[in-house]
1. Report, by residue number, each residue of the range 79-116 that is within 17 Å of the chain's Cα centre (by Cα) and under 21 Å from Ser129 (Cα atoms).
2. Does the range 248-258 include one or more residues that are modelled with pLDDT under 95 and either under 16 Å from Ala305 (Cβ atoms) or open to solvent by less than 30 Å² (accessible area, probe 1.4 Å) (or both)?
3. Examine the range 151-169 for a residue that is open to solvent by 30 Å² or more (accessible area, probe 1.4 Å), part of a loop (DSSP other than H, G, I, E, B), within 19 Å of Asp293 (Cα to Cα) and modelled with pLDDT under 90, and state whether such a residue exists.
4. Out of the residues in the range 294-311 that are open to solvent by 20 Å² or more (accessible area, probe 1.4 Å) and not hydrophobic (A, V, I, L, M, F, W, C), state the one that is nearest to Ile213 (Cα to Cα).
5. Quick one: in the range 122-139, of everything that is outside any loop (DSSP other than H, G, I, E, B) and open to solvent by less than 10 Å² (accessible area, probe 1.4 Å), which residue is farthest from Val201 (Cα to Cα)?
6. Would you call Glu173 part of a loop (DSSP other than H, G, I, E, B) and either open to solvent by 10 Å² or more (accessible area, probe 1.4 Å) or not hydrophobic (A, V, I, L, M, F, W, C) (or both)?
7. Filter the range 87-106 for residues that are of a type outside the set (Phe, Trp, Tyr) and within 25 Å of Trp125 (Cβ to Cβ); which is most open to solvent (accessible area, probe 1.4 Å)?
8. Just need a number here: residues in the range 217-241 that are in a strand (DSSP E or B) and open to solvent by 30 Å² or more (accessible area, probe 1.4 Å).
Amino acid sequence: MSRPFTTASLVVPGTHSLLPRHLRLSNLPPSLTATTDTRTFRRRFFSPYNFRPVSGPLTAGLGGFDVIGVGGSMLQDTGATALVIAGAYAFVSTFDFLSERKLIEQNLSRKLVHILSGLLFMASWPIFSASGWARYFASVVPLTNCLRLVIHGLSLATDEGLIKSVTREGKPEELLRGPLYYVLVLILSAVLFWRESPVGVISLAMMCGGDGIADIVGRRFGSTKLPYNKQKSWAGSLSMFVLGFLVSVGMLYYFSALGYFQLDWVSTVERVALVSFIATMVESLPITGMVDDNISVPLVSMVVASLAFAY
């Protein structure tokens, strides 16, 4: 059983030369090689505060520690992709069944799918391998939904259950707006940020948890409207800020606990609060007719989080 050593000396085995060039200890800074504890090394390597670009994920074909071999990684990622796709289909079908049986309101069903599907997709990332292509395997899940939305949005096929579960008015063309933007953001976050950066995590948490809960709370308790936007309420905006903040911190803790990055939690909480506040302000603006919330909220969150976690 492996255990951390207390000395800084490190014995490099003869197989060191078999590692991809960007992962060889000789090519990493001393701050990343001062420990032989795998968990500590991994946290240091993926920490946003210690992160530096390395020439490897694209040129060498591997973005992390391929401990089970190339074939094993592909098998793991293929299985994980199939599992998540099946889970996503079952998830949406469940809410479709509940709404059809009048056990849950259609609008509430739609918003719960909005909130939970993206968060569950993000929570599934750790079951994928550490290979460089794992993020692309994961992105196949929202890509599958993207193609499904396009097909039914263009009325090339008919799925009344899908239309009812994710649209406001039950029109097929609605699938090509908010729902389509939603899955495109999932793809963007998985490919660009993956589980190695807090930016993607926060962006999805704000879009799914923050923006999603704002509509539910606003419809039920939003009698007092914002002075500059009568379509939005104080209750909805406050709930977006609070829930977006809490979900963001919760998902960051989830990935941090699994060792993908380590964070200074005092400054992290402050930065997440800043992102939540700005995203909430943008969501409250009277621009929904021009820019969908599924575009404005995650993109603003990405920009602000990128700046906030850049130092």
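The values are calculated or read from the model by the stated rules, or taken from the named source; none is laboratory data. All values derive from a computational prediction rather than experimental measurement. Methodologically, a virtual Cβ is constructed for each residue, glycine included, from the backbone with ideal geometry; neighbour enumeration extends over all protein chains shown. Surface areas here come from the heavy atoms of the whole protein model, side chains and all, with no ligands, DNA or RNA. Shrake-Rupley method; radii C 1.70, N 1.55, O 1.52, S 1.80 Å.
1. Hits for the range 79-116 are Ala80, Thr81, Val84, Ile85, Gly87, Ala88.
2. yes
3. Within the range 151-169, one or more residues are open to solvent by 30 Å² or more (accessible area, probe 1.4 Å), part of a loop (DSSP other than H, G, I, E, B), within 19 Å of Asp293 (Cα to Cα) and modelled with pLDDT under 90.
4. Ser306
5. Ala134
6. Taking the combined requirement at face value, the residue does not satisfy it.
7. Thr94
8. Here the count works out to 4.
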